[in-house]
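Worksheet for the structure shown next.
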Amino acid sequence: ANTHHQKWEVAYEFRSPDCFQKLAITINGRTPGPTIVAGQGDTIVIDVKNRLLTENLAIHWHGIRQIGTPWYDGTEGVTQCPIVPGETFTYRFVVDRPGTYMYHAHYGMQRSAGLYGLIQVLPPAGMAELFTYDYDRSIILNDWWHKSTYEQAVGLSSKDFTFVGEPQSLLINGRGKFNCSNVRSGVCNETNPECLPYVLTVVSGKTYRLRIASITSLSALNFEIEGHNLTVVEADGYHVKPFVVKNLNIYSGETYSVLFKADQDPSHNYWFAVNVVSRKPNTPTGTAILNYYPNPPRRLPPTMPPYGPLWNDTMYQLNQSNAIRSHPDYIHPPPLTSDRMILLLNTQNFVDGYLKWALNNVTFTLPHTPYLIALKEKLFHGFDQRPPPETYDYKNYDIYAIQKNQNATASTSIYRLGFNSTVDVILQNANTKNPNNSETHPWHLHGHDFWVLGYGIGKFDPEIDPKRYNLVDPIKKNTVALHPYGWTALRFQADNPGVWAFHCHIESHFAMGMGVVFEEGVDKLGKLPTDIMGCGDSKYLKRP
Ligand code: C2O
Ligand code: CU
């Protein structure tokens, strides 16, 4: 196995990814940052220098389980103290499974400011992929706002709540196009080369593997290549039983590989189109160009970009989620029973008049001392020791109505799991504080992959619905959608000693408390590296 050593400088710079200039967070001058390409079993070493001047920093390696290195998961407040300005922190971890993953900031709302990129883990040399293709290409999708993340964060955390609103642009490989006609000149310039569309050149007759990742801060997206079918073959690093779609729904935190063949009329170019689904769109279609060689790469297709499926067709989204099954040759069978079931009701609530998201009426707040350090070093006053609720009053709760008592409590409490136990988590969606409204939440688990046992619409019934679980060929993933008014059932093994965040991957929802934390086997860990220490009660532990 190889070691890949990189040096990253993280800084704010003026950038115009959608032609509108704003401050973006860059890695070595780039947003998206460099793609990490490594082989299975390789070690990644990244020296991260925080040059943000006035902001802390932490970087999470999304989809990498950090087996044996829970302290390098990069989750500020959970696994480490933040990297303070001027400081360099070294992440060191092994990429143990081939597939497509991501990295992004995990401090405040910095992900939204542009700190993100791709990780590609290749199978060991000589070991072929299950599916065949001629070329391997990647696309990372994002949504983009012109307001600074500070303005967004202050709006979200004020009594006089201001939502971040719909994004101004959708970015494909860091490029979008904002209509500058109503913006004063100088700040917005549609001829800026930074916002030229991404072009993928293809040769007629060849088959392409396209790795697609979404790191959006809010939007659920639908991805389409005009006129070309997509065969889904990978999800979050696992082999999918191949199925064909015209377009692919992708939720924040998910990655897919699709195969497509350049089998259309090669005399012109085609659109890549990205559209918002599951929220009423107020963002133009994001576009890029599929260029058939030897047409001029930037020649626009003669058509209008596809506008995608109906944004509020929940059944369309649910059916596609259900179609994602494990490839028969790569089934990792789930344990047939579990030791514990945690049923989490997802609601909007108020805490002291502040709008929050809550699980079983508890809204999550990060402690001053990261959990991993507090637990290992027995600094137990660092967080609330009472266990959070395992369930809610599912017999009497009406998920289609606005919650009667909208008050919730804020807590730093965590779920402590038996080491090696099998845990079921059922996410239950409900009405928000607005009538006839329920949102889509992409839930992401750190440190593990889980089996997706099933989805349903309506209220989960613990007596009946487990009988419908797919225990035959469930896909394993690290991120999964909770559909409006629906439920999603997951199973995982608590076999990775550490402390792990499990949260909605919508940046503003997590900032408003939509997450929980799991702990398992911390007593099995050796000495913690002192470079993760230095904040809260761990000040005194950090010795030079
Ligand atoms: Cu990609 Cu905790 O997130
Ligand atoms: Cu959410």
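The values are calculated or read from the model by the stated rules, or taken from the named source; none is laboratory data. Everything numeric here is computed off the predicted structure, so don't read it as measured data. Cβ placement follows ideal geometry from the backbone for every residue including glycine, while neighbour counts extend to all protein chains displayed.
Scan region 487-496 for residues that are within 16 Å of ligand 2 (Cβ to nearest atom) and either under 23 Å from ILE215 (Cβ atoms) or surrounded by fewer than 24 Cβ atoms within 10 Å (Cβ to Cβ) (or both) and jot them down.
To start, the set of residues in region 487-496 that are within 16 Å of ligand 2 (Cβ to nearest atom) comprises 487-488, 490.
Of everything in region 487-496, those that are within 16 Å of ligand 2 (Cβ to nearest atom) and either under 23 Å from ILE215 (Cβ atoms) or surrounded by fewer than 24 Cβ atoms within 10 Å (Cβ to Cβ) (or both) turn out to be THR488, LEU490.
For region 188-201, which positions are touching a Cys at 6+ places or on another chain (Cβ under 9 Å) and closer than 21 Å to VAL276 by Cβ?
Residue satisfying the conditions is CYS195 alone.
Considering region 259-293 alone, what residues qualify as being in contact with a His (Cβ under 9 Å, 6 or more places away or on another chain) and among the aromatic types (Phe, Trp, Tyr)?
PHE260, TYR270, TYR292
Where residues in region 257-277 are surrounded by 23 or more Cβ atoms within 10 Å (Cβ to Cβ) and of a type in the set (Ser, Thr, Tyr), which of them is nearest to ASN437 (Cα to Cα)?
Among those residues, the one meeting the criterion is SER257.
Determine if region 411-423 includes at least one residue that is closer than 23 Å to THR365 by Cα, of a type in the set (A, V, I, L, M), within 16 Å of ligand 2 (Cβ to nearest atom) and crowded, with 21+ Cβ neighbours inside 10 Å.
no
Which residues, counting only those in region 196-224, are charged (D, E, K, R) and either under 22 Å from PRO266 (Cα atoms) or crowded, with 23+ Cβ neighbours inside 10 Å (or both)?
Selection gives LYS206, ARG209, GLU224.
Being within 16 Å of ligand 1 (Cβ to nearest atom), of a type outside the set (A, V, I, L, M, F, W, C) and out of contact with any Cys (no Cβ under 7 Å at 6 or more places or on another chain) narrows it down to one residue among SER185, SER204, SER217; which is it?
Residue meeting the stated conditions: SER217.
Could you pull out the residue among GLY227, GLY174 that is at pLDDT 95 or above, on the phi > 0 side of the Ramachandran plot and surrounded by 22 or more Cβ atoms within 10 Å (Cβ to Cβ)?
Result: GLY174 is the single residue among GLY227, GLY174 that is at pLDDT 95 or above, on the phi > 0 side of the Ramachandran plot and surrounded by 22 or more Cβ atoms within 10 Å (Cβ to Cβ).
Determine which single condition PHE161 fails, assuming it passes every other condition in (1) surrounded by fewer than 21 Cβ atoms within 10 Å (Cβ to Cβ); (2) under 27 Å from ASN249 (Cα atoms); (3) not β-branched (Val, Ile, Thr).
In the conditions (1) surrounded by fewer than 21 Cβ atoms within 10 Å (Cβ to Cβ); (2) under 27 Å from ASN249 (Cα atoms); (3) not β-branched (Val, Ile, Thr), PHE161 misses (2) alone.
Evaluate the following for GLY447: is it of a type in the set (Gly, Ala, Ser), in contact (Cβ under 8 Å) with a residue 40 or more places away in the chain, closer than 23 Å to VAL362 by Cβ and surrounded by fewer than 20 Cβ atoms within 10 Å (Cβ to Cβ)? Steps first, answer last, please.
Numbers: of a type in the set (Gly, Ala, Ser): yes; in contact (Cβ under 8 Å) with a residue 40 or more places away in the chain: yes; closer than 23 Å to VAL362 by Cβ: yes; surrounded by fewer than 20 Cβ atoms within 10 Å (Cβ to Cβ): no.
No, not satisfied.
ASN322 passes all but one of (1) over 19 Å from GLY515 (Cβ atoms); (2) surrounded by fewer than 20 Cβ atoms within 10 Å (Cβ to Cβ); (3) more than 24 Å from the chain's Cα centre (by Cα); which number fails?
Every listed condition holds for ASN322 apart from (3).
Is it the case that region 404-416 has a residue that's within 25 Å of VAL522 (Cα to Cα), in contact with a Lys or Arg (Cβ under 8 Å, 6 or more places away or on another chain), part of a loop (DSSP other than H, G, I, E, B) and in contact (Cβ under 8 Å) with a residue 40 or more places away in the chain?
yes
Here are some residues: GLY447, GLY456, GLY513. Which one is within 30 Å of VAL164 (Cα to Cα) and part of a strand (DSSP E or B)? So that I can check it myself, show each step before the final result.
Numbers: GLY447 fails: part of a strand (DSSP E or B); GLY513 fails: part of a strand (DSSP E or B).
It is GLY456.
Could you grab me the full set of residues in region 210-250 that are away from ligand 2 (no atom under 16 Å from the Cβ) and among the β-branched types (Val, Ile, Thr)?
Result: ILE212, ILE225, THR231, VAL232, VAL233, VAL240, VAL244, VAL245.
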